[in-house]
Amino acid sequence: MAVIEIKQVAKTFGSFTALHSVDLTIADQEFMVLLGASGCGKTTLLRIIAGLETPTTGEVWIGGRRVDHLPPRERGIAMVFQNYAVFPHLTVFENIAFGLRMKKMDQAEVTRRVTRTAELMHIEQLLKRYSGELSGGQRQRVAVARALAMEPDVILMDEPLSNLDALLRLEMRAELKGVLAESKTTTIYVTHDQVEAMSLADRISVMNGGRIVQAANPVEVYRNPAARFVGSFIGNPPMNFLAATPAGPGKWQVAGQMFDGPVAAAAEFAIRPEDLHPGDTGLPAEVRVVEPLGPHTLITASVAGQPFRAILDSTLLPAPGDLLHFAPAPDRIRWFDPATQTAL
Amino acid sequence: MSAPSVRRAGNRVFVAGVALLILWVLLPIWLLFVNALSAPAEVTGFPKRFIPSFDLASLSFFFGFSGVIDALWNSVRVAAVTMVLSIGVGAPAGYALSRFDFPGKELFRFLVVMTRAFPLPLLALPLAVMFIRTGLDDTILGLALVHTTLALPFAVLITYSLFSGIPLELEEAAWTLGCNRVQAFIKVILPLAAPGIAASAVFAFVISWNEVFAAAVLTVENRTLTAFLLQSLDVSPLPLKFAGGAALVLPALFFIFAVRKYLFAMWGIANR
């Protein structure tokens, strides 16, 4: 049982502000992903929760206990590091047992827990080896097993898959999700990989410039970005944005087309590339690049001089220079305030 | 000239350079050993035999010479105390430099190296006066303190790069697994750094072992081997000088040889 509450946590390094007063509550057993580009403050936030960094201001509560003044070992957390941090002078067995021995657990219990977590991570045949004799993927498994063996209230993961090759990453991702769901711990997972975030998270906190821009479930973050940044950061290719000119209350003109929109002084039109239907009417787009990707075709085009991408069925193969019309699905159109960059 | 002949000429220059460097190091050592292990009569002879006659007369005369064994024992004791002091003070300093950011860090690093900028003769007289006042003159500890000053910059810089080579993540992982700072150091950092620390300790030992000037100025009764040899050099016959030289060089060579692989590569750190 561990709810994590982060209350107005801020962190400055000299004159650089890494975190601006962050508030976040993570429910018990929730899988929370902190997602953002490098330098957005996600790792700093994770390290503050771990106790490896002290917040400049604010409070961190884990399981109803204020922990921001406590050292890492007294917080009931376990952490998986980006470079695995498997101790090179200890065998895999002793690596996994390390935290248990620090707790002065008796040998029988240590062996039981190490064996169980090693089986869970499929490394039971590696227990006698040293980290130098392991592949990157195997070290990753040892690092996760070492964290799980502690049976912590909270597992913190700092880009744990970023050093693995693409295939292995896919495999480990699915495995991690299963193992962590079964362990019933609260998990905070830092990544810059949006696909990883979408596939693992119960909830994603999208971070930018030391702030949490949106914290919501993956589909909500994808469908209803709270800010222009979220739309432009999540999705591959990201959301399309087009300038809109007001044409009466709640009416907007976008690339010569009329749309119903919010009542506001100014607005920007946004649509995901897959929410477009080619037809005789709609946004006029001049095709620039055509990329057939198998299941679908990615079109890079220009709409009223602005870059625009569309994902089309692969049966359609236009040529560069063609003029297409894209009709946006009306319920998928989003509007952003150009001044505040937030959703309207 | 065509390309292959240029390459061949380059090769020859390379081989000649390597041969010159090898001779530069090995020739004096070879001369030392041949003369030390030859009968006293052969020492002045020329040409030398490549393999010495293994006549131990010079060496046994040397070790039987009054005061040599005492001087040897003094050398060992001073070097041992120097080793303990310079690692005891240098390793924590190296750790602090590699792990913490503190105001004046760069200045501190600079000052550590600066201690080597003052020639010892400049410091010897004031030191001798100060040592006489404090009663440290002619003692093992007094000389070891001076030798520690000489060895400390190396101890600090070697351990600094040693600790810097151990990822901070390993320490942080230990903290999250239940260690405090001291426990993490003992259980994770020390085992990984131990070979390097040992190498740096041996280095300090050798610096003290080979040091002549301070030893000659600051000791009278309790002379170390180097100081003892310097003192008796003028009055001793040539075979004795060679035997003494060999007795001095041998331990230094042996120790450096023993830790050579740790001086080149610290195990386990390259593949974390």
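Computed quantities for the displayed model
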read-out	value
Projected label distance in nm at A:Val289 and A:Thr17, using a 7 Å step from Cα toward the beta-carbon	3.7
Solvent-accessible area buried by B and A, counting both chains, probe 1.4 angstrom, square angstrom	2000
Volume of the Cα convex hull of the stretch B:109-194, divided per residue and given in Å³	126
Cα pair distances exceeding 48 angstrom across the protein assembly as shown, given as percent	42
Whole-percent carbon and sulfur share, accessible surface of the protein assembly as shown, 1.4 Å	64
Computed FRET value (nearest 0.05) for A:Asp331 with A:Lys251, which takes r as the C-beta separation and R₀ as 25 Å	0.90
Computed E for A:Ser162/A:Asn236 - FRET, C-beta separation, R0 22 angstrom, nearest 0.05	0.85
Centre separation in Å (Cα based) which lies between the stretch A:169-236 and the stretch A:270-332	27
The stretch A:93-243, relative contact order [Cα under 8 Å, separation at least 6], %	15
Share of pairwise Cα separations in chain B, more than 30 Å, in percent	47
Net charge of Cβ neighbours under 15 Å - reference A:Gly321; Lys, Arg +1; Asp, Glu -1	-1
4 °C / 1.567 mPa s Stokes-Einstein diffusion coefficient of the stretch A:169-305, Kirkwood radius on C-alpha pairs, µm²/s	73
Radius 15 Å from Cβ of A:Val114, net charge of other residues (Lys, Arg +1; Asp, Glu -1)	+3
Residue-averaged 222 nm ellipticity for chain A, from DSSP H runs of 4+ at -39500 (n - 2.57), nearest 500	-7500 deg cm²/dmol
Ranked by how many other beta carbons lie within 10 Å on average, peptides B:6-15, A:99-108 from highest	A:99-108, B:6-15
Sparse-neighbourhood loop sites, trypsin sites (Lys or Arg not before Pro) in the stretch A:166-235 - DSSP loop, at most 13 other Cβ within 10 angstrom	A:Lys184
Relative contact order (percent, whole number), chain A, Cα cutoff 8 Å, 6+ residue spacing	15
FRET efficiency, B:Val113 to B:Ala258 (Cβ-Cβ, R0 30 Å, nearest 0.05)	0.65
Percentage relative contact order, the stretch A:169-309, counting C-alpha pairs under 8 Å, at least six apart	12
Partner chain coverage, peptide A:72-84 - average Cβ within 10 angstrom	4
Where Rh is the Kirkwood radius over Cα pairs, Rg/Rh for the stretch A:4-232	0.97
Residue mean of other protein chain beta carbons inside 10 Å, A:85-94	5
Cα centroid separation, the stretch B:195-232 to the stretch B:71-90 (Å)	8
Exercise: per-residue mean of other protein chain Cβ atoms within 10 Å, B:164-173	5
Restricting the stretch B:38-138 to chymotrypsin sites (Phe, Trp or Tyr not before Pro) in coil, as DSSP defines it, with at most 15 other Cβ within 10 Å	B:Phe50, B:Phe54, B:Phe100
Inter-part distance where the stretch B:166-194 and the stretch A:35-54 are each reduced to a Cα centre, Å	21
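The values are calculated or read from the model by the stated rules, or taken from the named source; none is laboratory data. None of these values were measured; they are calculated from a predicted model. We place every Cβ from the backbone using ideal geometry, glycine too, and count neighbours over all the protein chains shown. To get the accessible areas, we keep the full protein, side chains included, count just its heavy atoms, and leave off ligands, DNA and RNA. Shrake-Rupley method; radii C 1.70, N 1.55, O 1.52, S 1.80 Å.
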